[in-house]
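What follows is a single structure, written as structure tokens, with notes after it.
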Amino acid sequence: MKKYNICIVGGGSTFTPGFLKSFVRMQKEFPLNKLVLFDIDEERQEIIGKFGEILFREQFPELNFSYTTDIKEAYEGMDFVFMQMRSGGLPMRAKDEHIPLAMGLIGQETCGAGGMAYGLRSCVDMIKAVKDIRNYAPEAWILNYSNPAAIVAEALRREFPEDKKILNICDQPENVVRSCSRLLGCDWKDLDPVYFGLNHYGWFTNIYDRKTGKDLLPKIRKMIKENGFLPQDAEQRDPSWLDTYGMVETIMNDFPEFLPNTYDQYYLYPDYKVKQLDPNFTRADEVMQSREKRVFSECREVIKEDKLGDKFENISDAHAEMMINVATAIAYNKNNRHILIVENNGIIENMQNDAMVEVVCELGANGPRPLSIGKIPQFYLGLLVNQVSSEKLLVDAYFDNSYQKALEAFTINRLINDAKKAREVLDALIEANEGMWPELK
Ligand SMILES: NC(=O)c1ccc[n+]([C@@H]2O[C@H](COP(=O)([O-])OP(=O)(O)OC[C@H]3O[C@@H](n4cnc5c(N)ncnc54)[C@H](O)[C@@H]3O)[C@@H](O)[C@H]2O)c1
Ligand SMILES: O=P(O)(O)OC[C@H]1O[C@H](O[C@H]2[C@H](O)[C@@H](O)[C@@H](O)O[C@@H]2CO)[C@H](O)[C@@H](O)[C@@H]1O
Ligand SMILES: [Mn+2]
């Protein structure tokens with residue numbers, strides 16, 4: 001069995017320990033020869049890297065493991081590059097969330113004004129990173145889940161139109177499916193979903209029982225009405241995530257036809273969410289006080305003790321497992337189903353062909369083969385056409401260095417929806433992102 005060479009970009013991410021654990025756990029399904037962590041932040045990379053050295057010494061000693069801030073060392077000879085960079089880091093995420101909220105607008109990592117601010121930073125850094133990767137590893141599969149994945153996917157589609165080995169993925173749809181399995185008391189792998197939308201903006205039309213073909217969505221709808229909705233890993237979640245999953249019940253009371261992605265809450269209830277969110281303490285602050293602190297202090301402890309102790313079991317690795325499953329589908333031409341972000345080209349019949357949509361695909365060595373959706377109802381079409389327009393205008397702003405296009409992207413966005421507010425928040429974000437955005441003239 002071939003053993004693969006993998007690089008993780010954003011190797012200093014809070015999610016890296018979860019990946020390291022999954023690579024140990026899944027070494028039979030996905031045998032590795034070499035694993036390199038790459039980050040631009042030497043200090044973060046060193047802490048996670050040293051933790052990784054101890055983890056692999058104890059659990060997977062034959063793996064050739066290293067960490068670096070050098071692009072040649074990172075990319076040369078790679079088969080797969082997993083991308084999880086956070087352009088601007090968590091401090092900039094805090095600004096993306098605080099600035100719009102202080103103006104009465106949704107401030108969120110990937111949605112609305114904050115998502116667009118993060119989007120422009122990610123366009124700059126992701127395009128540079130993909131060029132670097134292609135310089136050293138022209139044939140590597142690039143599996144991107146750096147956010148905002150919708151905007152990154154559109155920018156990469158335009159910058160690298162011939163590159164068929166770049167795949168954009170989000171684990172949120174799979175998480176909703178896993179959460180349904182918790183509700184139903186079954187294995188999530190027995191559920192066969194049908195899903196359409198954009199990244200962080202979609203709906204499940206059906207959740208079939210894989211064995212019988214029966215649609216379980218009516219039962220799920222009823223159970224959510226009676227019992228609410230919890231994430232599969234509720235016991236490990238911060239309070240804000242429990243609120244987010246709880247909103248699925250509200251959404252289904254108003255729009256019972258389909259099961260929503262949790263991110264739909266921002267687009268359907270923007271006024272309510274603005275009132276609920278605290279402009280001085282957002283999710284970024286919660287992450288910096290919880291996950292980031294915990295991950296780095298646990299890594300430091302392991303380094304100090306020079307042994308893993310009991311740390312392995314408690315590392316959360318749900319989305320790492322999903323990403324590794326995506327890589328194995330490609331590596332072994334499995335053609336099993338994943339929800340992926342791909343160019344529409346008629347999959348959603350009544351949406352433009354060049355939209356980057358999120359749908360179920362069969363995935364194998366030749367890439368994704370999306371399953372057709374057909375026409376979607378007017379309500380959903382209206383919402384999605386609005387959002388895809390905003391995302392495309394933002395990417396125009398990036399490529400054309402155009403303030404006007406950015407203003408249009410912000411104005412049309414449902415979470416802003418007013419030209420004066422759009423200009424005000426855009427100008428504030430230009431100032432906050434100095435040196436990290438393209439110059440907008
Ligand atoms: N698509 C999904 O479903 C999904 C799920 C979870 C996280 N994410 C994304 O994963 C990323 C990491 O999230 P996190 O909360 O762990 O963030 P984090 O800030 O803890 O880690 C991100 C790392 O990226 C590094 N980085 C920043 N710019 C870089 C660049 N140009 N090149 C290389 N490294 C760079 C940072 O130094 C940092 O160590 C984010 O983009 C997040 O949005 C996506
Ligand atoms: O606020 P954060 O940083 O906790 O999460 C933002 C990300 O949320 C989703 O990813 C979840 C994922 O669904 C869950 O299974 C687990 O792995 O945690 C992740 C982070 O909490 C979303 O899909 C990402 O795009 C967001 O970046
Ligand atoms: Mn996501």
Pairs only if they're at least six apart or on different chains, beta carbon under 8 angstrom, first in the range 335-347 and among the aliphatic types (A, V, I, L, M), second surrounded by fewer than 17 Cβ atoms within 10 Å (Cβ to Cβ); list them, first residue then second. I347/L371; I347/S372
Can Q172 be described as modelled with pLDDT of 95 or more and within 16 Å of ligand 1 (Cβ to nearest atom)? yes
Test: I224 is crowded, with 18+ Cβ neighbours inside 10 Å and modelled with pLDDT of 95 or more: yes
Which residue, of I151, I71, I142, is closer than 27 Å to I412 by Cα and of a type outside the set (D, E)? I151
Conditions (1) surrounded by 15 or more Cβ atoms within 10 Å (Cβ to Cβ); (2) closer than 21 Å to K189 by Cα; (3) in contact with a helix residue (DSSP H, G or I) (Cβ under 9 Å, 6 or more places away or on another chain); number of the one not met by D215: (3)
What is the residue count in the range 291-317 for residues that are open to solvent by 40 Å² or more (accessible area, probe 1.4 Å), assigned to a loop (DSSP other than H, G, I, E, B) and more than 13 Å from E58 (Cβ to Cβ)? 1
Given (1) touching a helix residue (DSSP H, G or I) at 6+ places or on another chain (Cβ under 8 Å); (2) at pLDDT below 95, index of the condition E235 fails: (1)
Step by step: first the residues of the range 412-429, then only those that are in a helix (DSSP H, G or I) and without any contact (Cβ under 8 Å) to a residue 12 or more places away in the chain, then the one that is least open to solvent (accessible area, probe 1.4 Å). Which residue is that? D427
For N135, which of the numbered conditions (1) open to solvent by 10 Å² or more (accessible area, probe 1.4 Å); (2) touching a Ser or Thr at 6+ places or on another chain (Cβ under 6 Å) fails to hold? (2)
Considering only the range 153-173, state which residues are touching a helix residue (DSSP H, G or I) at 6+ places or on another chain (Cβ under 8 Å), surrounded by fewer than 23 Cβ atoms within 10 Å (Cβ to Cβ) and not in a helix (DSSP H, G or I). F160, D163, D171
Among the residues of the range 240-274, write down those that are touching a residue at least 40 places away in the same chain (Cβ under 8 Å), assigned to a helix (DSSP H, G or I) and over 20 Å from the mean Cα position of the chain (by Cα). P270, K273, V274
May I ask you to verify whether L198 is open to solvent by 40 Å² or more (accessible area, probe 1.4 Å), of a type in the set (A, V, I, L, M) and within 15 Å of ligand 2 (Cβ to nearest atom)? no
If we keep just the residues of the range 341-382 that are on the phi > 0 side of the Ramachandran plot and part of a strand (DSSP E or B), which is surrounded by the fewest Cβ atoms within 10 Å (Cβ to Cβ)? G374
The residue from M85, M116, M103 that alone is of a type in the set (A, V, I, L, M), modelled with pLDDT of 95 or more and under 28 Å from V302 (Cβ atoms) is M85
Tally up the residues in the range 36-54 that are open to solvent by less than 70 Å² (accessible area, probe 1.4 Å), under 26 Å from the mean Cα position of the chain (by Cα) and away from ligand 2 (no atom under 16 Å from the Cβ), please. 11
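The values are calculated or read from the model by the stated rules, or taken from the named source; none is laboratory data. Computed from a prediction, not measured in an experiment: that's the story for all the values here. Using ideal geometry, Cβ is built from the backbone for each residue, glycine included, and neighbour counts are taken over all protein chains shown. Note: accessible area is taken over every heavy atom of the protein model, side chains too, but ligands, DNA and RNA are not part of it. Shrake-Rupley method; radii C 1.70, N 1.55, O 1.52, S 1.80 Å.
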